[in-house]
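Visitor: Submitted below is the structure of interest, expressed as structure tokens.
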Amino acid sequence: MVKFNVLTPTAEDFIFLLEQEKNILWKRIWYIEKKTIGVFFIEVFSTSVSTDSALLNVVVEHDKGENICQIWIEPFGTGYASPDRKMRDLIHNIGHIATKNNWQFERMPTSYRGDTCPHCKATYVYNKAKGMGTTTRVCQNCGKQFDSHEHIEPEKEWGEVRNKRTPCPYCNAVYLYNKSHLRDDGTVVCQNCGGIFQLPIDDWTQYSYDWYQEDNEMLQ
């Protein structure tokens, strides 16, 4: 499941986007005082002529008082009839709407659900006593060692050059960005999927960017 927070006064653009889907099995939209809640179940077929399908559950919840919209996308189904491609399309379209309107758009981290061994495909949750402080795991099923995903470091600093290490809200790939990557509108282009998103910059990082001196040798 992926979850997004979008700072926006309205959720109607996102509701309209979902209502354009061809294979909606069920939908319901509630307008309750200061809240808008939309629930969609979208069927995803592996091909245009296939009867094998998967399912996407999409929930949009907008709080008008807080001007924040939360969007959850949860896939059901794996293998031949995978909803991954449709899920990626929805994420890109949601991000495009947010970027076009200059709404802050961020992907929320999911809770830790364990690491999958690349050797035997078994998934276990590893506590601190079993190596959560490092990226190295020993599979509880087959006993082989593997590396889990590295912990994300929010920023790295070389001298006066400030670099932002941040995940793409579309594909979750993590890359290092500096001022040379910033476009005029404050967005960057993901180096993995090409998605355009606002680079989250705190006050200290912004100060460093303002006084940034281009030095490509330091980034090599």
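The values are calculated or read from the model by the stated rules, or taken from the named source; none is laboratory data. The model shown is predicted, which means the values in this text are computed figures rather than measured ones. Cβ coordinates were reconstructed from backbone atoms using ideal geometry, including for glycine residues, and neighbour counts include every protein chain displayed.
Visitor: Take LEU90 and tell me if it is assigned by TED's automatic domain parsing to the domain that holds ILE15, part of a strand (DSSP E or B) and either modelled with pLDDT of 85 or more or crowded, with 20+ Cβ neighbours inside 10 Å (or both). Don't jump to the end; show me each part of the working.
Guide: Values: assigned by TED's automatic domain parsing to the domain that holds ILE15: yes; part of a strand (DSSP E or B): no; either modelled with pLDDT of 85 or more or crowded, with 20+ Cβ neighbours inside 10 Å (or both): yes.
Taking the combined requirement at face value, the residue does not satisfy it.
Visitor: Another one. Give region 1-47 a look and list any residue that's hydroxyl-bearing (Ser, Thr, Tyr) and touching a residue at least 60 places away in the same chain (Cβ under 8 Å), or say none.
Guide: Passing the criteria: only THR8.
Visitor: Given the criteria touching a Leu at 6+ places or on another chain (Cβ under 8 Å) and β-branched (Val, Ile, Thr), does VAL44 qualify?
Guide: Judged against the criteria, VAL44 is a match.
Visitor: Next question. Output the residues belonging to region 174-201 that are hydrophobic (A, V, I, L, M, F, W, C) and at pLDDT 80 or above.
Guide: Correct list: LEU182, VAL188, VAL189, CYS190, CYS193, ILE196, PHE197.
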